[in-house]
Every structure is written in C-alpha cells, then in structure tokens.
Amino acid sequence: MKRVARFLIVLLASGALLAWLAATVVTHVSRHWFEEDIVERSGRVGDSARAALLARWAPGQGEALTALLANIVRDERIMGAMACAEDGRALARTPLLPPQVGCAAVAKRRTEARAQAGPPPSSSVWGAVWDLPGGNAYVAMVPLPAAQPGPRPGFLVLVNDLSFIERREAKTHRFLLVAFGLLAFLASVITIVAARLSWRGFRKELLRFIQGESRRKEFLPIIRDVRELVERIAAEREIDGQGGAWSPQRLKQTLVRHFPGEKVIVLANREPYIHQRAKDGGMEIVHPASGLVAAVEPVLRACSGVWVAHGSGSADREAVDAHDRVRVPPGDACYSLRRLWLSAEEEKGYYYGLANEGLWPLCHLAHMRPIFRNGDFAAYKAVNLKFAEAVCKEADADDPVVLVQDYHFALAPRLIRKRLPRATIISFWHIPWPNSERLGICPWRAELLEGLLGSSIVGFQTQLYCNNFLDSVDRYLEARIDREQSAVVQRGQPSLVRPYPISIAWPVEWPNQTAAVEECRRSVLAELGLAEDALLAVGVDRIDYTKGIEERFLAVERLLERFPAYVGRLTFVQLGAPSRSLLEHYRQLDQAIERTANRINARFARARWKPIHLSRTHHEPPTIYRFYRAADLCYVSSLHDGMNLVAKEFVAARDDERGVLVLSQFTGAARELAESLVVNPYDLEEASSALDTALRMPPDEQRDRMRAMRAFLAEFNVYRWAGAMLVDAARLRRKANALGRSSDDLGRIARLDR
Ligand code: G6P
C-alpha cells in the first residue's frame, strides 16, 4: 500500500511540474499573439479613421477631434485615445486616458525602442506594454500619413486594456493544472491496474506451467530450474531422510544409510599430514598449504576410511607401519593415511612435469604456457596406475566409495573401474576446466577425458566448467551426451557431470584454537612494531602465479599513491607459502614478488614503517588464523581460481563479524560470497578503490556483510558438498541396480534418476 501511495505522490508531483511548464509556455506564446493582434487592430483603426481625423486636424477643431476619438474608444478593449501633432503637442484626448500617457512620452519611448531594435518602417504601428497604476496597458502609436504630399501631420495613440488577457491567462493556468493532475492520476491508476493484472497473469501462467498445463516457451528455462531445485531438495530429503544443516554427523549417517559397510577411500596427491624432520633432529607434523586438503580432510574425519597419497615428508617413512599406513589425525586418530613413495624420476615426470607444468597452466588463464613432454605423460600414466592399484588394495569389498581428487589423477578413475566395476567413483576437479578449444592444446586430451569418464560422477566447481567438460567430450570423444541430464555414457558406463562448489568445514576448528580477536590483533600489531590504531591488511597464498600476488602489491602501491593518508598507517602482510619450488617458473615468481615488495617498500617506507611485510615460509593454520582475525581486510587477488578457500577461511575466522573481504572476480568464491567487495585484480584503479572502501567501511556495514557470508557458509559447508555427491551417487547406483548393472541406457537411468 505504501508503495502505491509513493507511486501516486511521485506521479502527481510530476503532473504538477508538467502543468506549470505547459502554462509558462502557453502564456508566453499567447501573450505574443495578443500583442501582434493589438498592433494589427490599431493599424486598422488608424486606417479607417484617418480621413475623418485629418478633416478635423486643423486648429480650433479640438472638440470635434475629441468627439471622434470618443467614438473610436467605444471598442471595449480600448481604454483611451489621443491625437498628437508631430512636434509632440496633444491636440485632443479622451477623458479616461491615464495622465501618464502623453504625446511626448509616447514619442520618446518609441525613439528609444527604435534605437535598441533598429528602425522599423516609420509608417508602421509601434507598441509597448506600459505599467500603469490601474494595471498593465498596451500603448500603440499609429502614424497618420498626410492626405497630400507634405510633412506628416502627427500620430494617433491608442491605449489598449490588457486585463482581459491576464484574466484569460489565469484561466488557462487553472485549466492546465486540473487537466494534468487528472491525467497524472488516471495514468497512475491505469499503470497500477495493468501491472497488477499482468503480474497476476504471469503468476497464473507460471503456476500452470509448474503444474504442467501451459506450453509457453519463455517460461521453460525457469521451470526447468525450479523443478530441478525442488526435485533435488526432495531427493536429498527422501534419500537422506534428514533435514537441517549439514554436519559431520549428518554426513556420516548419509554414508552409512546408502553405502552400508562400504569403505571411503580418498585418492589425492597431497597428504593431509606431513611428517618432517625438524631442525633439532626431532619429528614435526605439518599441515600442507592446500585448499584441497583443508576441504577434504574434515570429510574423511567424518566418514573414516583411508586417504591414499604421496608420502612427501622428510620423515614420512619413519612414521608409517609395515603397510605404509599411519593413523591420523595425530592424537585423535579416526582414519588411515596410506602413503605411496615416488622416485625422484616419477615425481619429476608426474607431479612437476605433467601435473604442474602441463595441466595446471592448461586449466588456469594466467598467461603461463603449458609444457607437454612425452616422458612426463608416461610417468603420469605409470603413477596413476600405481595409485589406482593401491586404492584397489585398500578396498575390502568390491564396491567401495572412492573419492578421486584433482588433476593429478585424471586417468585413475578408469583404471580403478577396470579393477572394481561395482565401485562408486566420485572424481572432483578442484581447478577450472578449460574450454574445448584450449583443451585441444593438450596432446592427451582424449586419454584424460576417457580416464575421468571411468567415474560415476565427475564434479566441478561451477556449471561453466561442467559445460566446458561436456563440450570437450563432444569434440574429442565418441560418446553419448545427455545435456538435459548433464551426463555422458561411454563404453556402457554412465557418468553424471555436475557442479559441486567446494567449501570449508563449519564450524571451522581453528578459531577455537586461536586467541580472542582483540588479543590476536594486539599480538600481531606488537609483533610488527605497529601502533594500536594501525590499519592491517592480509593476503594468504601459496606462492603461485595464479594467485596474482604481484598485482596485489601493485594495488597497494596505487592505493598509497592515490590516498597518501594511508602512508605510515596501512600495513599489508603477505603470508606466502613456498610451493613447487623445484620448477624454474615458481622460483622466478618468488624472486619477482620479493623485488616488487622491496621496490614499493623503498618508495614509501618511513622511519619504523614499511607498507608490505612479506613472509615467505610455511605457516601453520593457527598462525594464519591469528592474522585473519587481526586484519581489517583480506585481499584475495587470484587471476584464475576454481574456488579459493582462503576467502571462505577469512570469513570463518571472523566470529566477531568484522573485517572486509576484497575478492577477485576470477575466483569461484566470488559467485557465492556476494557481500565481499568483488574486483578485477588487473584493474589497479578498481582494486585500490576497493581497498580504500574496505578500510573506510563503517562497522555496521562490515557486520551486515560478514553476517550474510557466515550464514551462507554455515549452510553451504563442505559436509553438504560431500553429502550432495554421495546422495547423487546413491541415486544413480539405486537406479543402475534396478536396471541391472550391464545397462548402458542412460536415458532410462536418467529418467528414473529424476
Ligand atoms: C591446489 C590444487 C591442490 C593442491 C594445492 C597445493 O589447491 O588444486 O590439488 O594440493 O594446490 O599444491 P601442491 O602442489 O603443493 O599440492
């Protein structure tokens, strides 16, 4: 109702404004016309009375002349008339003529007007509006040419009443105001009624569509989405039998209910716990800097089972049992870590070579040229086989649930499927999937696609990557694609291709192991030698060219250039974990980052302050969370990133609902964390403006944004991510079982699957 009233007020106000504008224009134009009319009529009066006037022009004829003038002023609009000799003497005037109007005065005004406007023909009528005590009047001066050649005898003055024009103008004003008011009112009523009717029609049509009665094409995409959403929620409920937020318990129950007695095996290159030989000769446990590990570890903790990974730590061999297994997490063991050992040659070809010099740059748009070597692919194949066999050995029945992680193991799903045809294999590609044209760069694109299609489900971070994958299959493989169901059938094996945006555990464990926010802030500022009111920004990454760390420093530099008030006040702390350092590109990047930080520091540093603190070493999660909690803002500037869990971790760390997230638009996280300040990291003007906005953001706005993002993460946590994949896999398996395992009729499976 309030909205309708507001709408009406706006419309009526605009109506009034329009009426005023129209009245002003009309007055101006009509006044001009009236004046022209008076001048013309005065000319005609002069012409018709000329002979009679000239006949009485002689001296001593004053009375006759006055009687003649009295005749002329009978016209209701002429107030008075005057006969003037050419030298300015009045020969006769009617009694009601205002005394201010005299022959000399009229002649003077006319001379002045002629001087300004240029001489009109001396024979033409001249006139002007005079402001007289009784109101405005129009005074016209009509020249009287001589009857015979000779000097002009004089002129006639006619004073016209203007009050009737003013009365008409007032009437016009009133009329226009009422007419426009009425129009505005009618327009608003018609608009409201039309909007209501069409909204009602739209809703009706939508409802009919949902109920399957209408056939209108424009609703098809909406309906498909709505139906899919409703069916997915219903299926999750029906299969999962539960509701509410996803938690470790709910995930475990879902697993037990649909995959009773079946073991969960995670296959990932990176292990969740690394045993390292410490400097003092002892052994220490390190949590690797890996979004994959941060996300998947809580899932395996909830589900139990085994994690198969490369044993890369210097003390890893000492920590395992005779079967190369170690129970983790340390002190709270609930699953096994099975370590595989790789020779330096294997690691070089499989991990550094194909995975990180080939596939990583192939999948990320970060201007790094992928390198493909035959030897690397041979090592990749051999290592995938080695890991696939290890996975199969870990299975204690023929139908385990295998969660294959990331681009290190594109071939493993098909190899596992060969050995365990009844297994539920869920592969998740944590990084972007390139478009089909770009994938064409890779000489082994078909092998990679075939390998992944050994999975029951191939999961990606976004729908775009699913589409890219389906396009790639379409272009490079002989396979049946069902785009409606987002699935592929190859060699009789159906694989669903679906987006499952990854997330973090909620609640996340680390803030509980860290001091209160005020304490974190106090200790971090003291550690950096900063004043209590210093502004603190933080960046946390592996040192990788996809993370845009140099662009981040350049944005800080631009901020200091544009807003010098931050010089001496803002400190940017970059925690950079060394990564893949055996590769030349990564070593060069590490040096380039240091050079850029040094250059900016040299440019702006003051006595005991520098803008960028770069810490290039491994940091354990409690340290990282201490910085998250101390900071005023966190800037994630990835040039391309499947998801980026640093963004989500920063939000999880801020249980005080303060701090601002500035987030690259090229991360998967930017699609979900809509309350962050989303920027293009290449655009230093935009990025530095966002940093400034973040640093000036009022606490209330920070709280509102943080609260919304935290509510999102509480709902869309990593247990839901894993649960959704398990629920989809369970449905697929149920339907496949119902049809018989050999069936390759995806159409039938997919129909039942819905
Ligand atoms: C990315 C990849 C992960 C990888 C992590 C760390 O997040 O998607 O698979 O574990 O980087 O890289 P690293 O090579 O050290 O395992």
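The values are calculated or read from the model by the stated rules, or taken from the named source; none is laboratory data. Model, not experiment: these values are computed from the prediction. Note that we place each Cβ from the backbone using ideal geometry, even for glycine, and neighbour counts take in every protein chain shown. We work out accessible area using only protein heavy atoms, side chains counted, and drop any ligands, DNA or RNA first. Shrake-Rupley method; radii C 1.70, N 1.55, O 1.52, S 1.80 Å.
Of all beta bridges DSSP finds with both residues in region 515-716, what is the antiparallel percent, to the nearest 5?
Working: 1 of 24 bridges.
Given both bridge residues lie in region 515-716, the antiparallel proportion sits at roughly 5 percent.
On C-alpha positions alone, give me the angle between the axis of helix 374-394 and the longest principal axis of the chain, in degrees, nearest 10.
70
Taking all protein chains as present, what is the carbon and sulfur share of the accessible area of the chain, in % to the nearest whole number, probe 1.4 Å? Don't skip to the answer; put the middle values down first.
Working: 19210 of 34900 Å².
About 55 percent, which is the carbon plus sulfur part of the accessible surface.
As I understand it, the dipole of the chain uses +1 on the Cβ of Lys and Arg and -1 on the Cβ of Asp and Glu, about the Cα centre. Which of Thr462, Trp510, Gly281 lies farthest toward its positive end?
The residue sitting farthest along the positive end of the dipole is Thr462.
Please list 3J(HN,Hα) in residue order for region 305-312, calculated via the Karplus relation 6.51 cos²θ - 1.76 cosθ + 1.60 where θ = phi - 60°; whole Hz, with x for glycine and proline.
Calculated HN-Hα couplings, in order: x, 9, 10, 9, 8, 6, x, 9 Hz.
Considering the chain, which cysteines have no disulfide-compatible partner, defined as another cysteine with its Cβ under 4.7 Å away?
Among the cysteines of the chain, those whose Cβ sits 4.7 Å or more from every other are Cys303, Cys334, Cys363, Cys392, Cys442, Cys466, Cys520, Cys634.
Among the lysines, which fall within straight-line cross-link reach of Lys418, defined as a Cα-Cα distance under 16 Å, with same-chain neighbours fewer than 8 residues apart omitted?
Reachable lysines: Lys381, Lys386, Lys393.
Let's see if you can work this out: charge +1 on each Lys and Arg Cβ, -1 on each Asp and Glu Cβ, no other charges. What is the dipole magnitude of the chain about its Cα centre, in debye to the nearest 20?
1680
Take Arg587 and Thr191, extend 7 Å from each Cα along the Cα→Cβ direction, and tell me the distance between the two endpoints in nm.
The two pseudo-label positions are separated by 6.9 nm.
Projecting each Cα onto the charge dipole of region 129-191 (Lys/Arg +1, Asp/Glu -1 at the beta carbon, about the Cα centre), which of Val142, Phe155, Ala184 comes out farthest on the positive side?
The one lying farthest along the dipole's positive direction is Ala184.
Probe 1.4 Å, all protein chains in place: accessible area of Thr94 in Å², nearest 10?
10
Let me cross-check Arg498: its accessible surface, 1.4 Å probe, with only protein heavy atoms counted, in Å² to the nearest 10?
20
Please list, by residue number, every one of the trypsin sites (Lys or Arg not before Pro) in region 576-625 that is coil in DSSP and has at most 16 other beta-carbon atoms within 10 Å. Show your work: numbers first, answer last.
Details: sites: Arg580, Arg587, Arg595, Arg599, Arg603, Arg606, Arg608, Arg616; in loops: Arg580, Arg608.
When the trypsin sites (Lys or Arg not before Pro) of region 576-625 are filtered for loop state and at most 16 Cβ neighbours within 10 Å, Arg608 remain.
So what does log10 I(q)/I(0) come out to for the chain at q = 0.05, 0.09 Å⁻¹, using the Debye formula with one equal point on every Cα and no solvent?
-0.47, -0.88
Could you report region 75-154's accessible area per residue, 1.4 Å probe, as an integer in Å²?
That works out to 54 Å² for each residue.
Alpha carbon centre of region 402-457 versus region 610-661: separation in Å?
Using only Cα atoms, the two centres lie 32 Å from each other.
Out of all DSSP beta bridges with both ends in the chain, state the antiparallel percent to the nearest 5.
45
Looking only at Cα atoms, what is the convex hull volume of region 515-716 per residue, in Å³?
Measuring per residue, one finds 111 Å³ for the Cα hull of region 515-716.
Can you send over the solvent-accessible area of Met697, 1.4 Å probe, protein chains only, in Å² to the nearest 10?
10
log₁₀ I(q)/I(0) of region 2-168 at q = 0.17 Å⁻¹, via Debye over equal Cα point scatterers, no solvent, to two decimals?
Scattering profile of region 2-168, log10 relative to I(0): -1.02.
Measure nothing but the geometry: give the 0 to 90° angle between the long axis through the Cα atoms of 718-739 and the longest principal axis through the Cα atoms of the chain, rounded to 10°.
Between helix and principal axis, roughly 70 degrees.
Which of Leu536, Thr623, Leu589 sits farthest toward the positive end of the charge dipole of region 515-716, with +1 on the Cβ of Lys and Arg and -1 on the Cβ of Asp and Glu?
Result: Leu589, furthest along the dipole toward the positive end.
Suppose accessible area is computed on protein heavy atoms with a 1.4 Å probe; arrange His32, His287, His585 from highest to lowest.
Highest to lowest solvent-accessible surface, that is His32, His585, His287.
Does anyone have the angle between helix 684-696 and the longest principal axis of the chain? Alpha-carbon axes, 0 to 90°, nearest 10?
Computed tilt is about 90 degrees.
Mind listing which GluC sites (Glu not before Pro) in region 466-558 are in a DSSP loop and have 16 or fewer other Cβ atoms within 10 Å?
Glu478, Glu484, Glu509, Glu532
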